[in-house]
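Contents: one structure, followed by commentary.
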Amino acid sequence: MLKLLFADRIENWPAYEPALNAALEQAGIAAKLVLPPADPASIDYIIYSPRGPVQDFAAYTRTKAVLNLWAGVERVVGNPTLTQPLCRMVDEGLERGMVEWVTGHVLRAHLDIDFFLTHQDGVWRQTGHVPPLARDRSVVILGIGALGGACATTLAGLGFNVTGWSRTQKTLPGVTCLSGATGLRDALSKAEILVTVLPDTPETTNLLNAETLALLPKGAAILNPGRGTLIDDDALLAALDSGQIAHATLDVFRVEPLPPAHPYWAHPQVTVTPHIAAETRPASAARVIAENIRRFEAGEPPLHLVDRSRGY
Ligand code: NAP
């Protein structure tokens, strides 16, 4: 019988235990779930979270893989004690959450909903406030992998003029796909609404800085549900103050929780949400974990194996 260590926060155990047991049974895997502390030398697989208790993998000599419950791997990918294969989470529930958060906030920016929420004062402001149709609104998504790609096709399905940008060239139905440095400039120059769904890697750090923010059309809106490191915060605050960027909706930050004194909290053109854009959902995530264990045990290529040289 395989021994699986559940190395997430203990408060997540009541939701994950039944979901994992059901998924393992359905996949025909005989396995026992255990909690830390457990003898590291007895563990076949680690179900891992960056917020969990296991961050040193050296003693897990028998462990065949570390299965991350998170999509992002920046906190573990460079861990020198990790010699086992690392898989990240690509989960239908996580994807749906990101699509819904991004679609909601894109529509909010597109329809200028905040303006009307803050102007309920008896003045009939029709002139200049009829929004364009979605097809006349350019939305750009930086990062069109599992999450950004689903957001791009959903927004294209709503009629938006969607451009996606990635490291390698992609093809997505209804989406103009760009890549490379020239592609980034072309994408940014038309981004009335910009969404960043990139991973945190050395290449993506401060991708949005004073120079790249200046490429956006004046008055653009930014949504960042990717990672806080994608944005140079001082450059964004300066661009908000100058009016170059009209509004930023930020879900992720360099330091989380965002400290109470951080200027984002009080800035009238910033909306802070507390890293809630997309949560891993136990039922669908458990099926991914079970399928990956089945694949490792059968000697088949695992799903969502992290490329450590790329960092995601
Ligand atoms: P993914 O499938 O690996 O997609 C990443 C995308 O970013 C791919 O299109 C990739 O290009 C592109 N990319 C990476 N490095 C790049 C570079 N240097 N230049 C241009 N494009 C680059 O990841 P995912 O599952 O969509 O997740 C994306 C990120 O969302 C995660 O890493 C995490 O940081 C964030 N996230 C946030 C939340 C939240 O609640 N806020 C929840 C889950 C995930 P290629 O396609 O060419 O590889």
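Separation of the stretch 2-33 and the stretch 69-117 by C-alpha centroid, Å? Between the Cα centres of the stretch 2-33 and the stretch 69-117 lies a distance of 23 Å. Each residue of the stretch 258-274 is assigned a 3J(HN,Hα), and the resulting list reads 4, x, x, 8, 5, x, 4, 4, 8, 6, x, 9, 10, 10, 9, 10, x Hz, derived from the Karplus form 6.51 cos²θ - 1.76 cosθ + 1.60 (θ = phi - 60°), x at Gly and Pro. Converting phi to 3J(HN,Hα) with the Karplus coefficients 6.51, -1.76 and 1.60 and the offset θ = phi - 60°, the stretch 79-91 yields 5, x, 7, 8, 10, 7, x, 10, 10, 9, 9, 10, 9 Hz in sequence order, with x at every glycine or proline. Of SER179, SER309, SER138, the residue with the largest accessible area leads and the full order is SER309, SER179, SER138 (1.4 Å probe).
With all protein chains in place and ligands, DNA and RNA left out, the 1.4 Å accessible area ranks LEU111, LEU5 as LEU111, LEU5, largest first. With the simple model of a label 7 Å out from the Cα in the direction of the Cβ, ASN21 to SER42 spans 1.8 nm. Inter-label distance, THR168 to ALA283: 3.3 nm, where each label sits 7 Å from its Cα along the C-beta direction. If both residues of a DSSP beta bridge must be in the stretch 94-272, then about 5% of such bridges are antiparallel. Springs join every pair of Cα atoms under 10 Å in this Gaussian network model of the chain, and among ASP251, ASP114, ASP44 the largest mean-square fluctuation is at ASP114. Computed with a 1.4 Å probe over protein heavy atoms only, the accessible surface of the chain comes to 46 Å² per residue. Taking the Cα centre of the stretch 94-272 as origin and assigning +1 to Lys and Arg Cβ atoms and -1 to Asp and Glu Cβ atoms, the resulting dipole is close to 500 debye. Of the residues ASN161, ASN68, ASN79, the one that moves most in a GNM of the chain with alpha-carbon contacts below 10 Å is ASN79. The magnitude of the dipole of the stretch 109-181, with charges of +1 and -1 set on the Cβ of Lys/Arg and Asp/Glu and taken from the Cα centre, is near 340 debye. Here the chain is treated with +1 on each Lys and Arg Cβ and -1 on each Asp and Glu Cβ, and its dipole about the Cα centre works out to around 560 debye.
Between ILE276 and ALA181, full extension at 0.36 nm per residue minus the direct alpha carbon distance yields a gain of 31.2 nm.
Which of THR171, THR118, THR61 moves most in a GNM of the chain, Cα contacts under 10 Å? Of THR171, THR118, THR61, the most mobile in the Gaussian network model is THR118. Rolling a 1.4 Å probe across all protein chains gives PHE116 an accessible area of roughly 80 Å². Partners of LYS218 within straight-line reach, counting lysines whose Cα lies under 19 Å from its Cα and excluding those fewer than 8 residues away in the same chain: LYS190. Backbone phi angles across the stretch 7-13, fed through the Karplus curve with coefficients 6.51, -1.76 and 1.60 (θ = phi - 60°), yield HN-Hα couplings of 10, 10, 4, 4, 5, 8, 4 Hz in residue order; Gly and Pro are listed as x.
Shape analysis of the chain yields a ratio of the Cα radius of gyration to the Kirkwood radius, Rg/Rh, of 1.02.
Helix 92-110 and the longest principal axis of the Cα set of the chain meet at an angle near 10°. As a test, work out the antiparallel percent of DSSP beta bridges whose residues both lie in the chain, rounded to the nearest 5. Once the DSSP bridges in the chain are tallied, antiparallel ones form about 5 percent. Values of log10 I(q)/I(0) for the stretch 239-312 across q = 0.23 Å⁻¹ run -1.04, by the Debye formula with one identical scatterer at each alpha carbon and no solvent. Is the C-alpha gyration tensor of the stretch 94-272 telling us rounded, prolate or oblate? Criteria: a/c under 1.5 is rounded; beyond that, a/b larger than b/c is prolate, otherwise oblate. It is oblate, given that a/c is not under 1.5 and a/b is not larger than b/c.
Specify whether the C-alpha gyration tensor of the stretch 177-312 places it in the rounded, prolate or oblate class, a ≥ b ≥ c being the square roots of the eigenvalues: rounded for a/c under 1.5, otherwise prolate if a/b is larger than b/c and oblate if not. Note, shape of the stretch 177-312 comes out prolate.
The values are calculated or read from the model by the stated rules, or taken from the named source; none is laboratory data. No experiment lies behind these values; they were computed from the predicted model shown. In this analysis, Cβ positions are derived from the backbone assuming ideal geometry, glycine residues included, and neighbour counts consider all displayed protein chains. In case anyone asks, the SASA skips ligands and DNA or RNA and just uses the protein heavy atoms, side chains included. Shrake-Rupley method; radii C 1.70, N 1.55, O 1.52, S 1.80 Å.
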